[in-house]
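Structure record follows, encoded as structure tokens.
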Amino acid sequence: MYELMGLEYRSSRLRMQEIAASLSEDESNSIVAACPEWTVKDLFSHVTGIAADLGSGKGPTGDTQAWVDELVTSRKGRSLASVVDEWNEVGPTFEAAIDNLPKRLWTLTYDTVVHEHDLRAAVKKPGDRELEGVKISAVLGLKLVKVDLASKSLPAFRAVIDGVEHNIGDGEPALTLTASAFDTLRLLGSRRTLAEMKTAAFVGELEKMLPGITHMDLPTTSLGE
């Protein structure tokens, strides 16, 4: 799985760049419902800024959130096309870095695949939900769940993804999700409302386990996926 991190990052980047090339200026300024503080252009500034900084050996020296915010703010005056051009320039170097340190930088591939589908939802261009990058990212997301379960002293969780069982944590799971890789990625990636979580194929103590399986606040309005 880890040997594919650089390749899947690149594949997601190229798909996102293709979508960007098809967007009008109004679409580039539309809000990304999954990240409501960002426009489509801001989302591209986020992924581009991460690749530019980390690929050149830079990174946060203090508050990580302040660093992330600055990546977007510093590109506010630029067009979407110029941001995409920058990503195209810095992407290959960053992908090589991911290939060299996949077990350390896997979160960047995961983050980009998640944001690809945030973008698709925002501009109403769904698709590519069964690709290898989605399947890998759904499993990688369980690593975040494992950390959150432990930090909140919650019991084990089971995910049956496309028929393959994954047990996270110790002991008997208090909650089981059975879903496709795409739905797993979005459900456990905090891309579903509480009402949508409750109608998904969870069996067990969903409300008790919710703080451990959702890394961020849930959206209040459906993304329409």
Starting from residues that are buried (at least 17 other Cβ atoms within 10 Å of the Cβ) and of a type outside the set (D, E, K, R), keep the ones in the stretch 51-79 and report whichever is nearest to Glu27 (Cα to Cα). Val72
Any idea which residue in the stretch 1-50 is surrounded by the most Cβ atoms within 10 Å (Cβ to Cβ), counting only those that are farther than 30 Å from Leu194 by Cβ and of a type in the set (Phe, Trp, Tyr)? Tyr9
Has the stretch 102-109 got any residue that is more than 13 Å from the chain's Cα centre (by Cα), outside the structural domain of Gly6 (by TED's automatic domain parsing), assigned to a helix (DSSP H, G or I) and in contact (Cβ under 8 Å) with a residue 60 or more places away in the chain? no
Kindly establish whether Ile136 is under 30 Å from Lys208 (Cβ atoms) and in a helix (DSSP H, G or I). yes
Odd one out for Glu8, checked against (1) touching a Phe, Trp or Tyr at 6+ places or on another chain (Cβ under 6 Å); (2) not in a loop (DSSP other than H, G, I, E, B): (1)
Does at least one position in the stretch 61-77 carry a residue that is in contact (Cβ under 8 Å) with a residue 40 or more places away in the chain and part of a helix (DSSP H, G or I)? no
Only one of (1) at pLDDT 95 or above; (2) among the small types (Gly, Ala, Ser); (3) surrounded by 15 or more Cβ atoms within 10 Å (Cβ to Cβ) fails for Ser82. Which number is that? (3)
Can you run down the residue pairs with Cβ atoms below 8 Å, 6 or more apart or on separate chains, where the first is in the stretch 156-170 and farther than 11 Å from Val139 by Cα and the partner is of a type in the set (A, V, I, L, M) and surrounded by fewer than 16 Cβ atoms within 10 Å (Cβ to Cβ)? Gly169/Ala150
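Conditions tested, residue by residue: (1) small (Gly, Ala, Ser); (2) under 15 Å from Arg13 (Cβ atoms); (3) in the same structural domain as Trp38 (by TED's automatic domain parsing); (4) in contact with an Asp or Glu (Cβ under 8 Å, 6 or more places away or on another chain).
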site	(1), (2), (3), (4)
Lys58	no, no, yes, no
Asp63	no, no, yes, no
Ser74	yes, no, yes, no
Pro92	no, yes, yes, no
Val113	no, yes, yes, yes
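The values are calculated or read from the model by the stated rules, or taken from the named source; none is laboratory data. Bear in mind the structure is a predicted one, so any value in this text is a computation, not a measurement. Glycine also receives a Cβ, built like all others from the backbone with ideal geometry; neighbour counts cover every protein chain displayed.
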